[in-house]
Amino acid sequence: MSRWNLAWLLGICIASVGGLSLGFSAPSRDSALQKKHENLKLLVDVLEEVQGKYVKELDPDKMRDLVENMINSGLERLDPHSSFINPDEYKQFMKQSKGKFGGVGIRIGLDKNNQIFVESPMVGTPAYEAGVMAGDFILKIDGKTTESMSLKKVVEFIQGEPGTKVKMTVLHEGAKTPVDLEMERAEIHIDSVLGDHRSKDNGKDWDYWVDEQQKIAYVRVVAFTETTTQELTKVVADLQKAGMKGLVLDLRNNPGGLLRSAVEVSSLFLPEGKSVVTTKGRNNMREEAFRARNEAPNVVPGSYPIAILLNRYSASASEIVAAALQDHFRAIIVGERSYGKGSVQNVISMENGQSALKLTTASYWRPSSRNIHRFPDSKDEDEWGVKPTKGYEVKLSDEERIEYFKHRRDRDIVRRPNQEPKENGKKEFRDRVLDKAMEYVRENLNKKDNAGNPPANGGAALTPRQSGVVRDVFPDQFQNRRSTLFGIGEQVPQFEAIREDA
């Protein structure tokens, strides 16, 4: 294979390569172009040598893997958030950001014996209606055994175009004989806005009241996708209509998502025009400011107390929302210091939209102009992340974090009316972070200012030192029509089992 035939591996068209070869014999007026592309020539030369002389012959797939690994190794040295997304990964990436895909509606995982099992079916989906239950082991898919399949491969076999059929052989928990369940794939919507527990009336809807008597609501946002704003707007509107007096907004373990979604979510709780976040490009140029826009007529920002829950795995878009509401005295932060991801990744289409380059192009700054990003050499005393409001930090042990995850997972599982959860002698889990937030909200509901109204800042009067506010800034006109992504697909560590939706 000639060296120029390798250029397709780099996503470079033949015309570009032809131009490069001519550049080496062109007059001095083309020396700038020659200098610009000499690194590309080096890369092509290396690939040519590997193709022709490596001890083992590499087929096109192996060469493709080599090129992808070379690209990603180089990008990782720039920063941990830039990467090349190959075609297979890109399909999953887009499903995550859109919040929907073609499948049967189950969340699957690997148990300690590396067996594929169903964590939970989604109510109203083909899997639920076909009889798939939480705890089922998936033995076969369309007759193919899953014994040696990776989780990724199982997902590929289960997902497909809506309207097509798939047959799963499952072993119900406690049963001895497997059953074949055939179902028709449908478009599956992944909710990003959840409650604390399922409604008692049906297993599909969430109950958002954590204290219905005092009208305190609990809303959990697990990602910032294209549908998050729409979902959250409906939930908050319904809660306000039902007389909500306090809100706990849980952003724990939320790795981020769309910038646009983070700005729109912040806008549900902030007055029109308030600064939400500012992004700055190379050398602090191309500064772009984002402000709150109240575009949901059925939602009023209000003055009810809000407590936002964070932990060390709350990152990126989660930090934008938390920082904006904290800096404007609209909410307090309860829990742990956040992850500290203050960089912006643009997703640049490659190979005619089949793959993509996720490249760090800017940093973002909170309304108080303080830094959020945690650099590799950052120390605990440095300014990064979003810190809990003074007096509301809740320090957890590793054991507590693991127990919280198990507790949360158990409450999220959809069970059929006669399907009881396995107790296994477990003691009741106390969510100390949620308890602390409820303490704050209840305390402020019991308080009244001199006029008999709730404090205008959404809770107890916070001093700038308590909230961490230094100053407010009102940069250029708000622009919110961007597709910049924060953290979707990030390898942010979490106390979670390996899991996928299918």
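The values are calculated or read from the model by the stated rules, or taken from the named source; none is laboratory data. What you are looking at is a predicted structure, and each value in this text was computed from that prediction instead of being measured. FYI the Cβ positions are ideal-geometry reconstructions off the backbone, even for glycines, and counts take in every protein chain you see.
Mind checking whether some residue in the range 81-89 is among the hydroxyl-bearing types (Ser, Thr, Tyr), at pLDDT 95 or above and in a loop (DSSP other than H, G, I, E, B)? No, because not a single residue in the range 81-89 is among the hydroxyl-bearing types (Ser, Thr, Tyr), at pLDDT 95 or above and in a loop (DSSP other than H, G, I, E, B). Inside the range 360-418, residues that are under 30 Å from LYS204 (Cα atoms) and not in a loop (DSSP other than H, G, I, E, B) make up a count of 13.
Checking each residue in the range 179-199 for being within 22 Å of GLY246 (Cβ to Cβ) and either loosely packed, with under 13 Cβ neighbours inside 10 Å or without any contact (Cβ under 8 Å) to a residue 24 or more places away in the chain (or both) picks out only SER199.
Restricting attention to the range 76-92, the residues that are over 19 Å from ASP61 (Cα atoms) and aliphatic (A, V, I, L, M) add up to 1.
You will find that of GLU231, GLU226, the residue that is surrounded by fewer than 23 Cβ atoms within 10 Å (Cβ to Cβ), assigned by TED's automatic domain parsing to the domain that holds ASN446 and assigned to a loop (DSSP other than H, G, I, E, B) is GLU226 and no other.
Cβ-Cβ distances below 9 Å connect the following pairs, each with a first residue in the range 267-288 that is farther than 16 Å from ASN371 by Cα, a second residue that is crowded, with 20+ Cβ neighbours inside 10 Å and at pLDDT below 90, and a separation of six or more residues or different chains: PHE269/GLY458; ARG286/ALA362.
Taken over the range 234-274, residues that are hydrophobic (A, V, I, L, M, F, W, C) and in a strand (DSSP E or B) amount to 4. In the condition set (1) modelled with pLDDT of 90 or more; (2) under 30 Å from ILE348 (Cβ atoms), LYS390 is compliant with all but (2). Among (1) touching a Ser or Thr at 6+ places or on another chain (Cβ under 9 Å); (2) modelled with pLDDT of 95 or more; (3) crowded, with 21+ Cβ neighbours inside 10 Å, there is one condition ILE306 misses while meeting the rest; what is its number? Evaluating ILE306 over (1) touching a Ser or Thr at 6+ places or on another chain (Cβ under 9 Å); (2) modelled with pLDDT of 95 or more; (3) crowded, with 21+ Cβ neighbours inside 10 Å leaves (1) as the failure. Condition check: in a loop (DSSP other than H, G, I, E, B), of a type outside the set (Asp, Glu) and surrounded by 13 or more Cβ atoms within 10 Å (Cβ to Cβ). Does GLY160 satisfy that? Yes.
Figure legend. Inter-residue proximity from the range 166-178: first residues surrounded by fewer than 16 Cβ atoms within 10 Å (Cβ to Cβ), second residues assigned to a strand (DSSP E or B), beta-carbon distance below 6 Å, spacing 6+ or different chains. Indicated pairs: LYS167/ASP180; LYS167/GLU182.
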